[in-house]
Amino acid sequence: MSALRVAVVILNWNGKRHLERFLPEVVALSPEATVYVADNSSTDGSVEWVRGHVPSVHIIQNGENLGYAGGYAKALAGLDEDILVLLNSDVEVTDGWLVPTVARFAAESDLAALQPKILDLTVPTRFEYAGAAGGYIDMLGIPLCRGRLLDTLEDDQGQYDTATDVFWASGACLFVRAAHYRISGGLDPDLFAHMEEIDLCWRMQRSGYRVAVEPSAAVYHLGGGTLSTGSPFKTYLNFRNGLLIVLRNMPLARLLWVLPIRVAQDVVAAWTRLLVGDTGYFKAVAKAHLHVLGRLSSTWKKRSGNYSRPLKGTYQGVLAVTYFIKGKRRFSQLFG
């Protein structure tokens with residue numbers, strides 16, 4: 001193990017049930033790290049339970065629910081470790097999970113962010129939605145993963161066991177080099193939750209750093225611990241943040257034609273769901289677009305840095321066309 005100092009930081013908001021199930025094992029299997037719980041003003045006794053049952057864990061109290069992005073941004077600001085591991089509270093780690101991941105940072109000075117292979121805790125042979133074996137984006141800025149296209153999850157048969165550079169690393173288990181994280185601007189609290197790690201990794205790449213996956217390490221993610229898949233608030237955040245990060249990070253020449261297509265795709269998705277009676281989905285998309293429209297100026301002011309640097313982990317096609325029209329459901333089929 002390198003001399004790099006490692007902090008494992010678990011953000012918590014009323015997730016006592018997850019802390020009870022997963023935190024003791026995280027502590028036991030992370031002897032190389034200092035473990036923190038950053039609490040977003042929980043009311044379920046989470047902090048008291050940690051103090052009473054896992055006293056070696058350091059507690060950071062944020063004072064209010066700042067979401068994933070804001071909660072981590074505030075918590076990480078006060079840490080001085082070299083490598084920061086942002087770990088969801090509903091993740092089961094494995095023996096030695098930190099060894100190959102931290103070794104990568106020791107050996108590769110331009111590596112800014114990294115994730116292990118993320119598998120589904122309920123179906124351990126299957127990739128998990130939030131990250132799988134590393135994230136890509138298509139030419140419109142739509143996220144996809146090695147092992148997951150839209151809602152189609154692949155079984156892990158070793159097909160993505162090659163360590164490689166990717167576009168984004170999953171916030172479910174996100175390793176970042178503290179120095180590069182801060183130079184790149186860190187997580188944006190305005191995003192609150194969902195896709196904030198894609199925004200961060202996009203800015204890291206534009207700053208000249210690399211994002212990668214290390215599949216020799218694996219963790220198991222339960223998923224849906226805070227917001228369920230069908231939550232209108234989650235739908236709102238996904239559509240809102242998807243547009244905000246494109247506005248902030250995409251080169252202007254591409255943005256001018258991508259943005260109208262993205263808006264049109266969203267409108268089609270919203271009306272399709274409304275026609276089958278899903279009014280919550282329709283309202284969430286409409287609310288997301290109104291939010292983006294009202295914050296065009298403030299979002300535009302966040303544009304800075306290099307927009308011409310080549311980026312790794314991009315798919316030069318349109319995922320919706322590839323998936324729905326061409327019928328390709330596996331990541332490996334995209335480049336065949």
Going by the structure shown, is residue 31 in the same structural domain as residue 189 (by TED's automatic domain parsing), more than 21 Å from residue 73 (Cα to Cα) and in a helix (DSSP H, G or I)? no
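Okay, residues lined up against (1) in a strand (DSSP E or B); (2) closer than 20 Å to residue 33 by Cβ; (3) touching a Gly at 6+ places or on another chain (Cβ under 6 Å):
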position	(1), (2), (3)
75	no, yes, no
119	yes, no, no
132	no, no, yes
144	yes, no, no
162	no, no, no
Tally time: how many residues in segment 323-336 are more than 28 Å from residue 112 (Cα to Cα), touching a residue at least 40 places away in the same chain (Cβ under 8 Å) and part of a helix (DSSP H, G or I)? 1
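Residue by residue through segment 34-59, note down the ones that are assigned to a loop (DSSP other than H, G, I, E, B), within 21 Å of residue 171 (Cβ to Cβ) and in contact with a helix residue (DSSP H, G or I) (Cβ under 8 Å, 6 or more places away or on another chain).
Within segment 34-59, 40, 42, 57 meet the criteria.
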Evaluation of residue 309 against (1) touching a Gly at 6+ places or on another chain (Cβ under 7 Å); (2) over 30 Å from residue 164 (Cα atoms) (one fails), failing number: (2)
Among (1) in contact with a helix residue (DSSP H, G or I) (Cβ under 6 Å, 6 or more places away or on another chain); (2) of a type in the set (Gly, Ala, Ser); (3) part of a loop (DSSP other than H, G, I, E, B) - the single one residue 113 does not satisfy: (3)
Got at least one residue in segment 170-187 being more than 19 Å from residue 101 (Cβ to Cβ) and in contact with an Asp or Glu (Cβ under 6 Å, 6 or more places away or on another chain)? yes
Taking segment 245-279 and keeping residues over 15 Å from residue 300 (Cα atoms), of a type in the set (Gly, Ala, Ser) and either loosely packed, with under 14 Cβ neighbours inside 10 Å or assigned by TED's automatic domain parsing to the domain that holds residue 143 (or both) leaves 264, 277
Return yes when residue 129 is closer than 24 Å to residue 89 by Cβ, in contact (Cβ under 8 Å) with a residue 24 or more places away in the chain and touching a strand residue (DSSP E or B) at 6+ places or on another chain (Cβ under 8 Å) and no when it is not. yes
Residue 112 versus (1) surrounded by fewer than 22 Cβ atoms within 10 Å (Cβ to Cβ); (2) within 19 Å of the chain's Cα centre (by Cα); (3) closer than 28 Å to residue 248 by Cα: which is the lone unmet condition? (1)
Residue in segment 91-98 that is farther than 16 Å from residue 29 by Cβ, touching a residue at least 24 places away in the same chain (Cβ under 8 Å) and out of contact with any Ser or Thr (no Cβ under 8 Å at 6 or more places or on another chain) present: no
Of these, 91, 57, which one is in the same structural domain as residue 128 (by TED's automatic domain parsing) and buried (at least 21 other Cβ atoms within 10 Å of the Cβ)? 91
Scanning segment 131-155 for residues that are surrounded by fewer than 23 Cβ atoms within 10 Å (Cβ to Cβ), at pLDDT 95 or above and over 26 Å from residue 254 (Cα atoms) gives 152, 153, 154, 155
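So that you can scan it fast, the table gives a plain yes or no per residue for (1) in the same structural domain as residue 22 (by TED's automatic domain parsing); (2) farther than 15 Å from residue 131 by Cβ:
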| position | (1), (2) |
| --- | --- |
| 153 | yes, no |
| 158 | yes, yes |
| 174 | yes, no |
| 217 | yes, no |
| 243 | no, yes |
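The values are calculated or read from the model by the stated rules, or taken from the named source; none is laboratory data. The model shown is predicted, which means the values in this text are computed figures rather than measured ones. Here Cβ is always computed from backbone atoms with ideal geometry, including for glycine, and neighbour counts include all displayed protein chains.
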